[in-house]
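Read-outs: derived from the displayed coordinates by stated rules, not from any lab. Since the model is a prediction, treat every value here as computed from it, not as a measurement. All Cβ positions, glycine included, derive from the backbone under ideal geometry; neighbour counts span all protein chains shown.
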C-alpha cells in the first residue's frame, strides 16, 4: 500500500508531535519526520524539493483526527436539473 511506512511513522510519533506542534503539518519520508511546517503549502513544497517524485507524506498533526466522507456517487435530480 502506498505510504504505509509513512503512515506508520506518523502514528508512532503522533504523541511527540502533538505535544509541541498541534495544528501544524508534518513532512514524513520513510521512517523519518523530516520537519514540521505552519502551512500545508510550505510542507508540500519542501517535500517536492527534497524528494522529487519519491513518495512522502504531509499530514496535519491532531490528537483526534476528524473523519471526512466524500462521495463520488451523485444522483441527478429527478427532473434532470442540477441542484
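Odds and ends about this structure:
- Listed from fewest to most Cβ neighbours within 10 Å, the set 60, 11, 72 follows the order 72, 11, 60.
- Ranked by how many other Cβ atoms sit within 10 Å of their own Cβ, fewest first, the residues 35, 41 fall in the order 41, 35.
- Whole-number percent relative contact order across the chain, with pairs defined as alpha carbons under 8 Å at least 6 apart: 31 percent
- Segment residue 44-residue 11, extension gain: residue separation times 0.36 nm, minus the distance between their alpha carbons: 9.9 nm
- Relative packing of peptides 18-27, 46-55 - highest average C-beta neighbours within 10 Å first: 18-27, 46-55
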